[in-house]
Amino acid sequence: GAVVSQHPSWVICKSGTSVKIECRSLDFQATTMFWYRQFPKQSLMLMATSNEGSKATYEQGVEKDKFLINHASLTLSTLTVTSAHPEDSSFYICSATRVYGNTEAFFGQGTRLTVV
Amino acid sequence: ELKVEQNPLFLSMQEGKNYTIYCNYSTTSDRLYWYRQDPGKSLESLFVLLSNGAVKQEGRLMASLDTKARLSTLHITAAVHDLSATYFCAANTGNQFYFGTGTSLTVIP
């Protein structure tokens, strides 16, 4: 199966700093990548959808200036949490799809972000 | 918007017993997916169901899909402790994926 690598697996940062999370498709070209946030014991909440070379589409209630998404190539998308606060602490998961429509999503390992 | 509901939300069962998790979705979906998530980990793909009547089995887990009823089931046979995890179903239309609430399964020795 296709492999999606997410980095880092966990990160602890100070309030006010920015953190970048990378999501790479290792053996396929990802037309679309998705960023999710997951709170403890809850389902995945879609934050944004990014297509290579275009601006990300953010879900309602997600601040695009706070959660910067860049999808510069067909194998890499990045999520930058800017001016992080403790309430941004969460589990962030990316996924990638290979072909538009009727395709499977492959998930990264997830990133546990703790803001202190 | 496609809505996906799972039932039950929490499940505790003894080893050796059988049980079924249900996943209902509100409108036509391209595919139905089942995932497993262990604590602190990401999602592991279990099954992808493509068409009405599809049935897939892997070990003690069997998934089925009834597109007319908009229902998928994940059946657990003779549960073992290793199956303890949270199970999510998801449906997609085009490139949009919609996840169920998850079922937290605990298998008790």
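Assorted remarks:
- Average Cα contact separation per residue, chain B, under 8 Å, 6 or more apart, as relative contact order %: 37
- Cross-link reach list, aspartates and glutamates versus residue A:64, counting only Cα pairs under 19 Å and skipping chain neighbours closer than eight places: A:22, A:52, A:87, A:88
- Two-site FRET efficiency, residue A:72 against residue A:13, from Cβ-Cβ distance with R₀ of 22 Å, rounded to 0.05: 0.45
- Near residue B:76: Cβ cut-off under 9 Å, other residues only, Lys/Arg at +1 and Asp/Glu at -1. The net charge is +2.
- Cα principal axis extents for the protein assembly as shown, largest first, Å: 50, 37, 32
- Mean-square fluctuations from a GNM of chain A, with a 10 angstrom spring cutoff on Cα atoms, peak among A:29, A:38, A:60 at A:60.
- As a calculated quantity, the FRET efficiency between residue A:89 and residue A:27 at R0 = 41 Å, using C-beta atoms, amounts to about 0.85.
- The value of relative contact order for chain A, using C-alpha pairs under 8 Å at least six residues apart, is 37 percent.
- Cα-Cα over 22 Å, subset of A:55/B:41; A:41/B:68; A:14/A:55; B:3/B:68: A:55/B:41; A:41/B:68; A:14/A:55
- A Cα-only calculation for chain B places Rg and Dmax at 13.2, 42 Å.
- log10 of Debye I(q)/I(0), alpha-carbon scatterers only, for chain A at 0.14, 0.16, 0.18, 0.23 Å⁻¹: -0.51, -0.67, -0.85, -1.36
- Placing +1 on each Lys and Arg Cβ and -1 on each Asp and Glu Cβ, with no other charges, gives chain A a dipole about its Cα centre of roughly 160 debye.
- Alpha-carbon gyration tensor eigenvalues x 5, square-rooted, for region A:58-116, Å: 24, 13, 11
- Long-range Cα-Cα pairs in region B:36-81 (distance over 17 Å), rounded percent: 42
Quick note: the coordinates plus some simple rules give every number you see, no bench work behind them. Because the structure is predicted, anything quoted here is derived from the model rather than measured. Cβ coordinates were reconstructed from backbone atoms using ideal geometry, including for glycine residues, and neighbour counts include every protein chain displayed.
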